[in-house]
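Visitor: Structure in structure tokens, see below.
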Amino acid sequence: MGDPLRHTAVAQLDGSPRRRYYTGRDLARAVAVEDLRAMTHRRMPRFVLEYLEGGAEEEASLARDRSAYGYWRFLPRQLVDVSQRTLATPLLGREASMPLVVAPTGLNSLFRHHADTLLAQAAAACGVPFVQSTMSNDPMEEVARVPGLRHWWQLYVFGGEEVWQELLRRADAAGCEALVLTTNAQIFGNREWSTRTQATKTRLSPSSAIDAALHPRWLASTLLAHGMPAFRNVVDFVPKDRRGFFETAFWIREHQPASLSWRTVERIRQRWRKPFLLKGLLHPDDVRRALDAGVDGIVLSTHGGRQLDWTVAPLEVLPEARAIVGQRVALYVSGGLRRGTDLLKALALGADAALAGRAVLYGLCAGGAAGAQRALEILHQEALDAMGLLGVPSARELEPGYLRAVDAPGPAEPAARQGHRDWASDVSSR
Ligand SMILES: Cc1cc2nc3c(=O)[nH]c(=O)nc-3n(C[C@H](O)[C@H](O)[C@H](O)COP(=O)(O)O)c2cc1C
């Protein structure tokens, strides 16, 4: 299977015995998020995988999001009664089954038809919130009908002020309980690997098109059966002659004002009375500024390594951010979470919760709502088990004393850039 370190880079032997992730179709046999990822890579065409996996330029931010977890090791306590363990935690004042939120991701219909609804169903089944992206494909009113859903709306500011005003009005009417303004994506990140799969802005390269045609199961569950997806929450704001799938995405990118500033944050704060979070902060001064702006929460994030390259990882600034905010607002991290132990490290370093992007998307790609649910269940179970081994009965008790920083590089830093290329050709289905 090529370089055994290329995916997780820890918990791997030196190549013997040869290891295999599960790549069949039985979700119950996926024992880790990496299995769901392997299933995804087997199922999806290359251009979709580049969209899902890729980061900006050298993908240094992407790699660091993940490797930052490796700089922290556990100091477990022994002889603690861990027979009753719980991850249940209040998030924005309401109990969640665990301190995890399904992160906003756009263009999900490339993965599955009605993917936003499927993700929402998985989140609701697992008792965690789902953040729906402005660039999602299912109408927010439709997603809002998922029973038991805790529905948060992620806002990209584009066009004139009337656009976000209208989106906020609709989100409120649809019962969204929180608003998440993404601050680090007004200029679209330079995702070269993804760009290389296109011949033009609106057309795939011939090799990508052939590769897509060679993935009939993916085609059948997306474009063939349902046609090109639309950005149904925003398409009405786009000129009629620019409403194709790729064209809408590009039109919106072109109309995201680079002048977005704290002034807009203040305007939105005045307008939106429910919980309001900023997503994409990293600098401590911005964390301080966010407190002044009266937000209810902050999500430290590099946008999954897809925006500015060579940033620090959210995890690295987390302890400092916690010291700044104290208990005044919610503090979340997003980026690189693939394991229950990652979640525990984030909590111990001061996060109230983590937002998981790709980990849940791998489940979605592998098996729709059931697959996304499987991803969440795996993370939940891994975290609960690790708490037991760590000697911590309740997630709320996690604190930095359970961790020690080590200076050796963590997982995936050298490996992540190799990404998923050629994955499908050298995995075996069991
Ligand atoms: C395919 C994909 C699409 C994304 N789309 C959005 C989006 O529309 N809005 C947003 O705020 N963040 C978006 N993000 C960033 C995620 O919300 C999240 O911060 C990131 O995926 C975290 O890293 P992880 O994938 O390693 O968990 C996207 C990420 C991915 C992978």
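What follows is calculated from the coordinates using simple rules that are stated; it is not laboratory data. Remember, predicted model here, so these are calculated numbers, not experimental data. Don't worry about glycine lacking a Cβ; one is built from the backbone with ideal geometry, like all the others, and counts go over all protein chains shown.
Visitor: With no solvent and one point per C-alpha, what does the Debye sum give as log10 I(q)/I(0) for segment 261-417 at q = 0.08, 0.09, 0.12, 0.15 Å⁻¹?
Guide: Rounded to two decimals, the profile gives -0.26, -0.33, -0.59, -0.91.
Visitor: A follow-up question, please. Suppose R0 equals 56 Å. What FRET efficiency, 1/(1 + (r/R0)^6) with r the Cβ-Cβ distance, do Glu166 and Glu377 give to the nearest 0.05?
Guide: On the way: r = 37 Å, r/R0 = 0.66.
Once rounded, the FRET efficiency stands at 0.95.
Visitor: Same structure again: In percent, what relative contact order does the chain have, based on Cα pairs under 8 Å that are 6 or more apart in sequence?
Guide: 31
Visitor: Right, next: Give me the extension gain from Glu95 to Arg271: residue separation times 0.36 nm, minus the current Cα-Cα distance, reported in nm with one decimal.
Guide: On the way: separation 176, 0.36 × 176 = 63.36 nm, distance 2.61 nm.
Here the segment from Glu95 to Arg271 would lengthen by 60.8 nm.
Visitor: Skipping prolines and chain starts, which residues have an amide H placed within reach, meaning under 5 Å, of the one on Val101, given they are 5 or more residues away or on another chain?
Guide: Amide H neighbours of Val101, under 5 Å, 5+ apart: Ala354, Leu355, Ala356.
Visitor: Related question: Residue-wise, which Karplus ³J(HN,Hα) couplings in Hz belong to segment 86-101, taking 6.51 cos²θ - 1.76 cosθ + 1.60, θ = phi - 60°, and x for glycine or proline?
Guide: Once rounded to whole Hz, the list reads 9, 9, 4, 8, x, 10, 6, x, 10, 5, 10, 5, 7, x, 9, 10.
Visitor: Here's a follow-up. Residue by residue, what Karplus-based ³J(HN,Hα) values in Hz, rounded to whole numbers, does segment 340-357 have, using 6.51, -1.76 and 1.60 with θ = phi - 60° and x for Gly and Pro?
Guide: Per residue, the Karplus-derived 3J(HN,Hα) values read x, 5, 4, 4, 4, 5, 4, 5, 5, 7, x, 6, 7, 6, 10, 9, 9, x Hz.
Visitor: Out of every Cα pair in the chain, what percent are spaced more than 27 Å from each other? Working shown, then result.
Guide: Values: 45643 of 92235 pairs.
Summing the P(r) of the chain above 27 Å gives 49 percent of all pairs.
Visitor: For segment 257-404, what does the relative contact order come out to in percent, with C-alpha contacts under 8 Å and a separation of six or more? Please report the intermediate quantities before stating the final value.
Guide: Details: 207 pairs, mean separation 25.8, N = 148.
Computed over segment 257-404, the figure is 17 percent.
Visitor: So, one more: With the convex hull built on the Cα atoms of segment 26-179, state its orientation-averaged projected area in nm².
Guide: Details: hull surface 52.0 nm².
Computing the convex hull of the Cα atoms and averaging its projections yields 13.0 nm².
Visitor: State to the nearest 20 debye the size of the charge dipole of the chain about its Cα centre, where the only charges are +1 on K and R beta carbons and -1 on D and E beta carbons. Can you show the working numbers first?
Guide: Numbers: 53 positive and 47 negative charges, 129 e Å.
Taking the Cα centre of the chain as origin, the dipole is about 620 debye.
Visitor: Over the Cα atoms, compute the radius of gyration (one decimal) and Dmax (the largest Cα-Cα distance, rounded to a whole number) for segment 149-205, in Å.
Guide: Every Cα atom of segment 149-205 included, Rg and Dmax give 15.7, 41 Å.
Visitor: What residue among Leu291, Ile268, His255 has its Cα farthest toward the positive end of the dipole of segment 254-299, where the charges are +1 on Lys, Arg and -1 on Asp, Glu, each on the Cβ?
Guide: Ile268
Visitor: Sort the following peptides by mean Cβ neighbour count (other Cβ atoms within 10 Å, averaged over residues), highest first: 275-286, 227-238.
Guide: On the way: 275-286: 19.7, 227-238: 17.4.
Output ranking for 275-286, 227-238: 275-286, 227-238.
Visitor: So, one more: Which one of Gly357, Gly304, Gly391 has the biggest mean-square fluctuation once the chain is modelled by GNM with Cα springs under 10 Å?
Guide: Result for the chain, Cα springs under 10 Å: Gly391 fluctuates most.
Visitor: Can you work out the Karplus-derived ³J(HN,Hα) for every residue in segment 262-277? Use 6.51 cos²θ - 1.76 cosθ + 1.60 with θ = phi - 60°, whole Hz, and x for glycine or proline.
Guide: Listing the rounded values in order: 4, 4, 5, 4, 4, 4, 5, 4, 5, 7, 9, 8, 7, x, 10, 10 Hz.
Visitor: At 7 Å along Cα-to-Cβ for each site, give me the label-to-label distance between Ser83 and Ser259 in nm.
Guide: Those two pseudo-labels are separated by 6.6 nm.
Visitor: Let me ask another. For segment 35-95, what value does the Rg/Rh ratio take when both radii are computed over Cα atoms and Rh is the Kirkwood radius, given to two decimals?
Guide: Working: Rg = 18.7 Å, Rh = 16.2 Å.
Over the Cα atoms of segment 35-95, Rg/Rh equals 1.15.
Visitor: If you wrap a convex hull around the alpha carbons of segment 178-305, what volume per residue comes out, as a whole number of Å³? Write down the numbers at each step before the final one.
Guide: On the way: hull volume 19.4 nm³, N = 128.
About 151 Å³ per residue, rounded to a whole number.
Visitor: Also: Which FRET efficiency value, to the nearest 0.05, is calculated for Ala209 and Phe188 with the Förster distance at 30 angstrom and r the Cβ-Cβ distance? Can you show the working numbers first?
Guide: Details: r = 23 Å, r/R0 = 0.77.
The value I calculate is 0.85.
Visitor: Based on the Cβ-Cβ distance of Ser16 and Arg396, what FRET efficiency does E = 1/(1 + (r/R0)^6) give at R0 = 56 Å, to the nearest 0.05?
Guide: Calculated transfer efficiency: 0.85.
Visitor: Hey, another quick one. Give me, ordered by chain and number, the residues 5 or more places off Trp72 or on other chains with an amide H under 5 Å from its own placed amide H.
Guide: Val406
Visitor: Within segment 97-119, name every residue whose backbone N is under 20 Å away from a label modeled 7 Å from Cα of Ala225 along the Cβ vector.
Guide: 107-119
Visitor: Quick check: from the Cα gyration tensor, does segment 321-393 come out rounded (a/c under 1.5), prolate or oblate?
Guide: Taking the square roots of the gyration eigenvalues as a ≥ b ≥ c, segment 321-393 is oblate.
Visitor: For segment 297-336, list residues with backbone N below 16 Å from a point placed 7 Å from the Cα of Phe246 toward its Cβ?
Guide: Hits in segment 297-336 for Phe246 at 16 Å: none.
Visitor: Once the dipole of segment 259-375 is set up with Lys and Arg at +1 and Asp and Glu at -1 on Cβ about the Cα centre, which of Ser334, Pro319, Leu282 lies farthest towards its positive end?
Guide: Of the options given, the answer is Ser334.
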